[in-house]
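Here, each number is a calculation from the coordinates, and none is a lab measurement. Computed from a prediction, not measured in an experiment: that's the story for all the values here. A quick note on method: Cβ atoms are made from the backbone with ideal geometry, for glycine too, and the neighbour counts reach across all protein chains shown.
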Amino acid sequence: METEGKITKIEVQKKTDQRYSVFLNNEFAFGVSEKTFFEFRIKEGDFLKEAKIEEILLCEELQKARGKAFGLVARKFFSELEIRKKLQKFREEVVDDVVGELKTLNYLDDKELAKRMIHDLSILRGVGKIKIRYELRRKGIKELVFEDLLDEMIEEKSQFEAAKKLLLKKLQTIKEVNYQSKGKIWRFLQSKGFENDVISEVFEKHFG
């Protein structure tokens, strides 16, 4: 691509009439959106220096990154880390700008996402704290953000009741309660993310 030169031709692109191809010194240099085209008042005969071209291309990249990011958050909730990964092909400064804008508009909020996940996992799905921590970390949410929320939103009693409910459900599939079947139930509750203290309390209350 030409690093600077005179705009010798501008063409509307064939695939979409909302983008333009810009030629410098009779060679294709770059494509721009309609928004960028009018914002920078690009016209034939102008001489573009390298710094101006870089400014135009940065604006284009920012528009593309914004379009992708806003399209993503319009469909579902994402953590900041997930959005950054989705935008990793863009320059870091562009990603920082887009992430900052999403945060300002409250489209990106790891604390609110953590609250939503903790509620859904503990209340709707009835899983334990260990699994909830795992899912939050997997989303890329930092412990500093969610650890206090776990203590605030999940009471020990609710964990006991959730584990008890799963134990009773599991018992319906077991023909005989013995040492082996109890071990199987214990491992099942562990797989659901319940801490050993909670499982032990449920076992003591139910099996004596």
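Measuring r between the beta carbons of ASP120 and GLN13 and using R0 = 45 Å, the FRET efficiency lands at 0.50.
Here the range 176-208 and the range 83-123 have alpha carbon centers that stand 37 Å from each other.
Entry note, the chain: relative contact order of 14 percent, from Cα contacts under 8 Å with a spacing of 6+ residues.
Direction-averaged projected area, Cα convex hull, the range 1-48: 3.0 nm², rounded to one decimal. Amide H contacts of ASP109: none lie under 5 Å away among residues 5 or more positions distant or on a separate chain (H built 1.01 Å from N in the peptide plane; Pro and chain starts excluded). Measuring spread by the Cα atoms of the range 61-108 yields a radius of gyration and Dmax of 9.3, 25 Å. With a ≥ b ≥ c the root eigenvalues of the C-alpha gyration tensor of the range 107-204, is it rounded (a/c under 1.5), prolate (a/b larger than b/c) or oblate? It is prolate, given that a/c is not under 1.5 and a/b is the larger ratio.
According to the Kirkwood relation over distinct C-alpha pairs, the hydrodynamic radius of the chain is 21.5 Å. Listed by number, the DSSP H helices of the chain that run 27 Å or longer by alpha-carbon position along their axis and have mean Kyte hydropathy of at least -0.5 are 50-73. With the convex hull constructed from alpha-carbon coordinates only, the range 110-153 shows a mean projected area of 2.5 nm² over all directions. Its Kirkwood hydrodynamic radius, worked out from the mean inverse distance over all distinct Cα pairs, puts the range 162-207 at 10.4 Å.
Here the Karplus relation 6.51 cos²θ - 1.76 cosθ + 1.60, evaluated at θ = phi - 60°, turns the backbone of the range 79-91 into coupling constants of 7, 4, 4, 4, 5, 4, 5, 5, 9, 5, 6, 8, 5 Hz, with x for every Gly and Pro. The amide H of ALA29, built 1.01 Å from its N in the peptide plane, has VAL22, PHE23, LEU24 as neighbours under 5 Å, considering only residues 5 or more places off or on other chains. Grab the beta carbon distance between GLU27 and LYS85, set R0 = 35 Å, and tell me the FRET efficiency rounded to 0.05. Efficiency, from the Cβ-Cβ distance: 0.50. Take the Cβ atoms of GLU147 and ARG187, set R0 to 22 Å, and the FRET efficiency comes out at 0.25.
State, as an integer percentage, the relative contact order of the range 1-117 based on alpha-carbon contacts under 8 Å between residues 6 or more apart. Rounded, it is 20 percent for the range 1-117.
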